[in-house]
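First the structure, which I've put down as structure tokens, then a few questions once you've had a look.
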Amino acid sequence: MSEPAPVLAITGAASGIGAATVQLALESGYRVAALDKKTPNFTFQENLLQLACDVTDTASLEQALDCIEERWPAGLEALVHCAGIYRTSAAETLDLALWQEVHDINVTGSYVAASVLGRPLLRRGKGSIVLLSSIAFALGDGTEPGAAYAASKGAVVSLGRQLAAEWGPRGVRTNVVAPGVIDTPMTTIVNSQEGLGKVLENIPLQRLGAADEVAHACLFLAGRKSSYVNGVVLPVDGGQSII
Ligand SMILES: NC(=O)c1ccc[n+]([C@@H]2O[C@H](COP(=O)([O-])OP(=O)(O)OC[C@H]3O[C@@H](n4cnc5c(N)ncnc54)[C@H](O)[C@@H]3O)[C@@H](O)[C@H]2O)c1
């Protein structure tokens, strides 16, 4: 008898990289739990379970996990955590409300999602978690004032490395994807010709990335073919981080 299709949870699933990962995962034979705070409510059709879920809210994630386990009792095998926000503010304005919002969603959200959705993986002693950072974790950005975002994405890298060390011995791998500039609704700087020009100057491949190019990297790290990869930070950036 063939094994049942693996179950993958994807957060931030309603847009951009998350939505592309949902699509690719379905095409690749996964059963997908697609979580997003923008998702209006519960829908279930064959291999796709869509749920409203706020990743900063522990109870919301626990409810989502209950719902996933009720539908698919074999349980969760992997998480691709794409939920995140991008905000800009000149550092000297000391906008603590913006700083807090960005850290609540990008940092606390990553911690809560990995912690809650990691439980079934730890229980079964196998699984894979993929967190989304950004090349901003390592590079200063001269084009936009993104101090809060850059700091939050640095914390995501630290969290991913810590989970890789802490949970690796228990059979759960954690890796981090660090996209460059990807063509999604988050990336507004490229809406003007001037902004696009500035961005392209720094990308050896001379184009923006597409959401599905990041989705392929996420699914490689989430899946069984990366079984000996743990604790890496994989840039998907057209080479931007090497110049
Ligand atoms: N687009 C890029 O250029 C780029 C570059 C580097 C890193 N990233 C990272 O990749 C990830 C996905 O980005 P994207 O470009 O697809 O963005 P996007 O704005 O297209 O999608 C983000 C999704 O996250 C959801 N979300 C936000 N807060 C949430 C919450 N509290 N709970 C549940 N869902 C929530 C939104 O509703 C949205 O559907 C983010 O972590 C982002 O920081 C993106």
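Starting at the first residue of the range 113-124, write each ³J(HN,Hα) from the Karplus equation 6.51 cos²θ - 1.76 cosθ + 1.60 with θ = phi - 60°, in whole Hz, x for Gly and Pro.
4, 5, 5, 6, 7, x, 4, x, 5, 5, 4, 7
How about K38: which aspartates and glutamates have a C-alpha closer than 18 Å to its C-alpha, ignoring those fewer than 8 places off in the same chain?
By straight Cα distance, K38 reaches D54, D57, E62, E101, D104.
Under 10 Å, Cα contacts only: if you run a Gaussian network model on the chain, which one of A210, A97, A113 comes out with the highest mean-square fluctuation?
Comparing A210, A97, A113 in a Gaussian network model of the chain, the most mobile one is A97.
If the viscosity is 1.002 mPa s and the temperature 20 °C, what translational diffusion coefficient in µm²/s does Stokes-Einstein give for the range 129-243 when Rh comes from Kirkwood over Cα pairs?
Here the translational diffusion coefficient equals 145 µm²/s.
What relative contact order, as a whole-number percentage, does the range 7-242 give when Cα pairs under 8 Å and 6 or more residues apart are counted?
In percent, rounded to a whole number, it is 20.
Sorted by accessible area (1.4 Å probe), largest first, how do Y86, Y111 line up?
Putting Y86, Y111 in descending order of accessible area: Y111, Y86.
If you put +1 on each Lys and Arg Cβ and -1 on each Asp and Glu Cβ, how big is the dipole of the range 7-242 around its Cα centre, in Debye rounded to 20?
With Lys and Arg at +1 and Asp and Glu at -1, about 900 debye.
Here's something else I'd like to know. What is the set of long-range amide H partners of G209 at a cut-off below 5 Å, with H atoms built 1.01 Å from backbone N?
V181, I182, D183
Quick one: what are the phi-derived ³J(HN,Hα) couplings along the range 164-172, Karplus 6.51/-1.76/1.60 with θ = phi - 60°, whole Hz, x for glycine and proline?
In residue order, the calculated couplings are 4, 6, 6, 9, x, x, 9, x, 10 Hz.
In addition: Say the dipole of the chain comes from +1 at the beta carbon of Lys and Arg and -1 at that of Asp and Glu; which of I203, T43, V116 then lies farthest toward its positive end?
So the residue we want is V116.
In addition: Explain nothing, just compute: Karplus ³J(HN,Hα) = 6.51 cos²θ - 1.76 cosθ + 1.60, θ = phi - 60°, for every residue of the range 27-36 in order, whole Hz, x for Gly and Pro.
Once θ is set to phi - 60°, the couplings for the range 27-36 become 5, 8, x, 7, 9, 10, 9, 9, 10, 7 Hz.
Would you tell me the accessible area of W167, worked out with a 1.4 angstrom probe on the heavy atoms of the protein chains, in Å² to the nearest 10?
Surface accessible to solvent at W167 totals approximately 20 Å².
Hey, another quick one. Can you tell me which of L122, L79, L219 moves the most in a GNM of the chain? Springs connect C-alpha atoms under 10 Å apart.
Checking each option, the largest mean-square fluctuation is seen for L122.
So which aspartates and glutamates can K198 reach, going by Cα to Cα under 16 Å and dropping same-chain residues fewer than 8 places off?
Partners within reach: D141, E144, D183, D237.
Another one. How much solvent-accessible surface does R71 expose, in Å² to the nearest 10, with a 1.4 Å probe and all protein chains in place?
R71 exposes around 90 Å² with every protein chain in place.
Top mean-square fluctuation among L26, L48, L94, Gaussian network model of the chain, C-alpha springs under 10 Å?
In this elastic network of the chain, the residue with the biggest mean-square fluctuation among L26, L48, L94 is L94.
Additional query: What FRET efficiency comes out for T93 versus Q193 if R0 is 22 angstrom and r is the Cβ-Cβ distance? Round to the nearest 0.05.
0.20
Can you say what percent of the DSSP beta bridges in the chain, counting only those with both residues inside, are antiparallel? Round to 5.
In the chain, approximately 10 percent of DSSP beta bridges are antiparallel ones.
Taking a 1.4 Å probe, which of D104, D36 shows the most accessible area, and what order do the others take after it?
Most to least solvent-accessible, the answer reads D104, D36.
Setting aside same-chain residues fewer than 8 positions from K225, which lysines have a Cα under 20 Å from its Cα?
Candidates past the 8-residue exclusion: K126.
How many angstrom lie between the C-alpha centres of the range 139-161 and the range 166-240?
Taking the Cα centre of each part, the range 139-161 and the range 166-240 sit 14 Å apart.
Using Cα atoms only, what is the angle between the long axis of helix 211-222 and the major principal axis of the chain, expressed in degrees (0 to 90) to the nearest 10?
50 degrees
If you don't mind, there's one more thing I want to ask. Could you list which residues have their amide H under 5 Å from that of L48, counting only those 5 or more apart in sequence or on another chain, with H placed in the peptide plane?
V32
What base-10 log of the normalised intensity I(q)/I(0) is obtained for the chain from the Debye formula, alpha carbons as equal point scatterers, at q = 0.11 Å⁻¹?
Taken in order of the listed q values, log10 I(q)/I(0) reads -0.54.
Considering the range 34-121, what Rg and Dmax in Å follow from its alpha-carbon atoms?
15.1, 51
The values are calculated or read from the model by the stated rules, or taken from the named source; none is laboratory data. Here the structure is a predicted model, which means the values were calculated and not measured. Cβ: placed from backbone, ideal geometry, glycine included. Neighbour counts: every protein chain shown. Ligands, DNA and RNA are excluded from the accessible area calculation, which covers all protein heavy atoms including side chains. Shrake-Rupley method; radii C 1.70, N 1.55, O 1.52, S 1.80 Å.
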